[in-house]
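Have a look at the structure below, then the notes.
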Amino acid sequence: MNKFTALIFLFLVVQLATKESPIKHIVVLMMENRSFDHMLGWMTLGGQYGNKNVTGLTGNECNFSLNGTKICVQPNAQDCSAYDPGHGPQTTTERIFNCEYKSQDSKSDNPCVNHSSLKQQPNMQGFVAAAQRGGADGLTEMSSFLPQDIPILSTLANEFALFDHYFVSYPGCTNPNRMFVHMGTCDGCVANEQERGQIKNTTLQEVLENNGLSWKYYYEDDPVEWFLWIEYFNQNFNNTAKVAQMEQFYTDAQNGNLANYTFINPTETVRPNMNNTRSFGLPNDQHPDHSVKEGERLMKNVYEALRNGPKWNETLFIITYDEHGGFYDHVPPPQEGVPNPDGKVNAEGFNFDRLGIRVPTIVISPWIEKGLLIKEPQQQQKPFNTSQFEHSSIISTVMKIFNLEYNFSKRTEWAATFDDIINRTSPRTDCPTQLAYIPPPTNFEIARIYSRNVKPTVVSKVKRMCKEFKPNDPNCGKNIKTFRDYASFLEIEMKHLPS
C-alpha cells in the first residue's frame, strides 16, 4: 500500500466511523410474557408468514411429565390461554435445568438450589414437570402459535429484522427484566414487589436528557405498576412532556412530535375507554391469560402510526417481550461470560450471571433490509467474545446511535449491539403502510373479560393506587369484585394521572 492509498483508506475509515445515523427517533414497545418458540417457532413451516431459516420448531421438541409421559410442542395455542404459566425465578430455573427447587439449605449440586451457572448445562426439559409441580398439566406451556394466527407479528418479522437469538437479561419475572432495559441492571431485584421511587440507578432516559436529547413514556394503565418504582421516572411523573397516556402517542406520531427516545407500555387490565376503537378497553400486553389478538392490535396501531407519520424515515421501532412467561423454548439461554451487572447477589445466592429464556424481538426501520434474520451476534456486534443480544443491548445500541458514552453497568458494556443493521444507503419505499385487519372483539368476548372476578394481583394494585392517589379515603377500592368494577375505579383514578 503506497502513501496515497493509505491516506485514502484512512479517510474512508474516519468517514465511516463518524457517519451520522439517519435515526433520530427510537421507539420501544415491550410486550409481556411470551417465548420465541411459543410465538414464532413455527415460522419454520415457511409459507406466506414463514421463514424456514429461523431457529424454531420441528415438532420433535418434547418434555416429559412427572409420570414419564412425553408431551411435545403443538401448534394449538389459544388466544387467551387456559392459565398463566409460572415464570418466577425459581420455576424458570426449574424449566431451564429440569430440576426441582429446594431451599437454600439443601446440600446438592442441583442448580435449583445453588444457582450454579457452571455445574450443569441447561437442557430446557423442565417446562412440563415444573408446571405439574405447580398444579397445571403442562399442555399450555408446550403450546404455540402458527404464523397465520399472529399475522401482525409474523408480517413485521418478515418485513424487517427478526432476532432469533435474543434473550432476556434475567431468568425470571417482569420488573427485573424491565429494569435492565432502562438501567442495564435490576439492582439485585428478583421479584415484582418494588415501592415507588425505590430504585435509584441512572436510567437511559436520564443520560439522554443530560445530553440534550428528549424522551417520553406512554402508558395506558397503572403507572406505579410499570415504572414509578424507578426514582427518576417518579420525579418526572407529572411532567406531561415526558409521561403521557397512550392516546397522546398517536397524536404525537401523526404530528411529527416524537421524542428522541420513546418507551411504550401496554396495559395488563381492563380500562374505562371501552368505546376506543384502538383498544376497546381490553388488556393488550399479551400477558397470559390475556388476548394475543389485542396485543396484535396494539402492534398494528403503533406501527401504522409511525409508518404513516412524517418521521418514519428517521425512526427505529423495536418490539420485544420482557420475559418468556413460562412457555417452552428449545434454545438454552447462554451462560458463558455473562457478567454480573453491578456485583449484587440476591438473598438465595443468585449472581445474575446467566441470561433468561429467548423471546421474540423485531427491529423495524426503512433503513433495514427486508427479511433480515439476525442470529447470534457477529464479531463486529460483540464488545466481548461471549457477548449476546439481550435487553441491555437496547441501551447499548441507543447510545451508539446517538454517539453517547456512559457506564451504566458491566452488562451494558458486554451486551451485543445491533446499530450496524441500519445499513441501507437510502430508506425503503416499499414498507407496508397498513397491516392485516384485526377484527374488533365481539360483545361476548368483552363481556366475558369484564365479568371475570379480579385476581389477587389486581386487588393489590388497587390498594397501592389508593395509597398513592387517595391516601385519606378509607373507602377507596373497597367494592371492586369484577373487572367492570375495576374499569369504573380507573375512570375516576385516571383523572389524577397525566394525559
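Quick notes on this one:
- For region 324-337, the count of residues that are closer than 19 Å to HIS87 by Cα and among the hydrophobic types (A, V, I, L, M, F, W, C) is at least one.
- Beta carbons closer than 7 Å, at least 6 apart along the sequence or on distinct chains, pair a first residue in region 190-204 that is surrounded by 14 or more Cβ atoms within 10 Å (Cβ to Cβ) with a second that is of a type in the set (Gly, Ala, Ser) and at pLDDT 70 or above for VAL190/GLY172.
- Members of region 127-143 found to be closer than 13 Å to THR69 by Cα and outside any helix (DSSP H, G or I), listed by number: ASP137, GLY138, LEU139
- Taking region 440-462 as the range and being within 26 Å of the chain's Cα centre (by Cα) and free of Cβ contacts under 8 Å to residues at least 24 places away in the same chain as the test, the residues that pass are LYS455, PRO456, THR457, VAL459, SER460.
- Across region 249-283, the qualifying residues are those that are modelled with pLDDT of 95 or more and β-branched (Val, Ile, Thr), and the one among them that is nearest to LYS455 (Cα to Cα) is ILE264.
- Residue match in region 336-347 (condition: under 27 Å from TRP42 (Cβ atoms) and at pLDDT 95 or above): no
- Any hit, region 224-246, residues being at positive phi and of a type outside the set (D, E, K, R): no
- Within region 166-219, the set of residues being part of a strand (DSSP E or B), at pLDDT below 95 and more than 17 Å from the chain's Cα centre (by Cα) comprises ILE199 only.
- Qualifying positions in region 400-437 - within 19 Å of the chain's Cα centre (by Cα) and in a helix (DSSP H, G or I): ARG411, THR412, ASP419
- Test for SER169: is it assigned by TED's automatic domain parsing to the domain that holds ILE96 and under 15 Å from SER392 (Cα atoms): yes
- Scanning region 311-361 for residues that are outside any loop (DSSP other than H, G, I, E, B) and closer than 28 Å to ASN63 by Cα gives THR320, TYR321, ARG358, THR361.
- Each residue in region 370-388 was checked for being closer than 16 Å to ALA161 by Cβ and in a loop (DSSP other than H, G, I, E, B), and 6 pass.
- Put simply, of VAL459, VAL398 the only residue that is of a type in the set (A, V, I, L, M), closer than 30 Å to PRO171 by Cβ and modelled with pLDDT under 95 is VAL459.
- Test: residue in region 403-419 that is within 30 Å of ASP289 (Cβ to Cβ) and either surrounded by fewer than 17 Cβ atoms within 10 Å (Cβ to Cβ) or touching a strand residue (DSSP E or B) at 6+ places or on another chain (Cβ under 8 Å) (or both): no
- Against the test of being in the same structural domain as GLN286 (by TED's automatic domain parsing) and not polar (S, T, N, Q), the options PHE389, PHE483 yield a single qualifying residue, PHE389.
- Answer residue from region 462-499, given it is under 24 Å from PHE233 (Cα atoms) and assigned to a loop (DSSP other than H, G, I, E, B) and is modelled with the lowest pLDDT among those: SER499
- Within region 53-73, residues that are in the same structural domain as PHE127 (by TED's automatic domain parsing) sit with their Cβ atoms under 8 Å from residues that are of a type in the set (Val, Ile, Thr) and part of a loop (DSSP other than H, G, I, E, B), at 6+ positions apart or across chains, in these pairs: THR55/VAL331; LEU57/VAL73; GLY59/VAL73; GLU61/VAL73; CYS62/VAL73.
The values are calculated or read from the model by the stated rules, or taken from the named source; none is laboratory data. Source: prediction; values computed, not measured. Don't worry about glycine lacking a Cβ; one is built from the backbone with ideal geometry, like all the others, and counts go over all protein chains shown.
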